[in-house]
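In what follows, a structure is listed as structure tokens, so that the remarks can point back to it.
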Amino acid sequence: MYLELFRLDGQVAVITGAARGIGFATADALSEAGATVVIADMDGAAAVKSVEVLRAKGRKADSIVLDVTHPRAVEAAHAEIIKRHKRVDVLVNNAGIAISFKPAETMEDETWHKVIDVNLNGVFWCCRTFGKAMLEQGGGTIVNVGSMSAEIVNYPQEQANYNASKAGVHHLTRSLAAEWAARGVRVNAVAPTYIETDLTRTVAADPSIYPHWIDGTPMARMGQPPEIASVILFLASKASSLMTGSIVLADGGYTCW
């Protein structure tokens, strides 16, 4: 009985920023659970390659080019996905960027706006468009990828833009959950620690930074994309049916200290 609650057979799941990293691991997890996954990414060629990897495993996968910072582009992508797959049952807002080592007093306007546009505005545009359709169809599940940086201030890197954007994602998650719970749409978020991906490997190799990250983590290691994907699968499935507005920390204990 309990393992069946994690199944997503017959469902359509859209994952933004899913050509690589946490997003691709999530596409892998959700497709293994039976969902048809749509990899929505700015890098169309990378998205196609990721789809090929999943299809080689016998999974159901598709791709679409999407820049989440443009609301009309989000609406157009949603319309195309509905045309191809009829409905969307799960939305995972994973697309995000970090521009760190930018002290607040010298941060350029464009640096602030770029991070907020992708990490917060993009999540809202997707939630608004896909969430409206879920409300109309009578149900759906949204999982936002937040960050432990919404709960703490990272050290040694200055990144007020990133921290603020993820704090916004967490409270947006709670706000939408409260608005939509009675109408069958659940909205939750996962808050990861430092995850080993292409985006973090270069910084993690810096001996002036990495020890601070690890010394602040009780588990004394970075996370791996599948460790976040498994939490997203839980939140996307009926196994978490009583949860909405929850922020699930997957941080190796970082926020304990």
### Task
Fewest Cβ neighbours within 10 Å first, please rank Arg186, Arg72, Arg174 accordingly.
Arg72, Arg174, Arg186
### Query
Between Arg87 and Ala73, what length in nm is gained on full extension when 0.36 nm per residue of separation is reduced by their alpha carbon distance?
3.3 nm
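What ranking of Val203, Val248 emerges when the number of other C-beta atoms within 10 Å of each C-beta is taken as an exposure proxy, fewest first? Please report the intermediate quantities before stating the final value.
On the way: Val203 15, Val248 19.
In increasing order of surrounding Cβ atoms, one gets Val203, Val248.
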### Spacing of the two label points (7 Å from each Cα toward its C-beta) at Gln137 and Leu199, in nm
2.6
#### Entry: Rounded FRET efficiency, nearest 0.05, which uses the C-beta distance separating His171 from Ser241 and R0 of 35 Å
0.95
### Query
What list of ³J(HN,Hα) values in whole Hz, one per residue of the stretch 183-195 in order, does the Karplus curve 6.51 cos²θ - 1.76 cosθ + 1.60 (θ = phi - 60°) give from phi, with Gly and Pro shown as x?
10, x, 10, 9, 9, 10, 9, 10, 10, x, 7, 5, 10
## Note on the structure
Given 164-170, 205-211, the highest-first ranking by average Cβ count within 10 Å works out to 164-170, 205-211
### Message
Please report the net charge: other residues with Cβ closer than 14 Å to the Cβ of Phe101, K and R +1, D and E -1.
### Response
-3
### Query
Helix-derived [θ] at 222 nm for the chain: sum -39500 (n - 2.57) over DSSP H runs of at least 4, divide by residue count, nearest 500?
-13500 deg cm²/dmol
### Message
Can you list residues from other chains, or at least 5 along the same chain, whose modelled amide H is less than 5 Å from the amide H of Ala61?
### Response
Val37
### Query
Under a point spin-label approximation (7 Å from Cα along Cα-to-Cβ), what is the Ala160-Asp9 distance to one decimal in nm?
5.3
### Message
Quick one: 3J(HN,Hα) in Hz for the stretch 39-52, Karplus 6.51/-1.76/1.60 with θ = phi - 60°, rounded, Gly and Pro as x.
### Response
7, 9, 8, 5, 8, x, 5, 5, 5, 4, 4, 5, 4, 4
#### Entry: Net charge contributed by nearby residues that have their C-beta within less than 12 Å of Ser230 (K/R +1, D/E -1)
-3
### Task
For every other residue with a beta carbon closer than 13 angstrom to the beta carbon of Trp180, add +1 if it is Lys or Arg and -1 if Asp or Glu, then tell me the sum.
+3
### Message
Over the stretch 3-246, what is the relative contact order in percent, taking alpha-carbon pairs closer than 8 angstrom and at least six residues apart?
### Response
21
### Task
Taking the Cα centre of the stretch 3-246 as origin, sum charge times position over the Cβ atoms of Lys and Arg (+1) and Asp and Glu (-1), and report the length of that vector in debye to the nearest 20.
940
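Just so you know, all these numbers are worked out from the coordinates, no wet-lab data involved. All values reported here derive from a predicted model rather than from experimental measurement. Note that we place each Cβ from the backbone using ideal geometry, even for glycine, and neighbour counts take in every protein chain shown.
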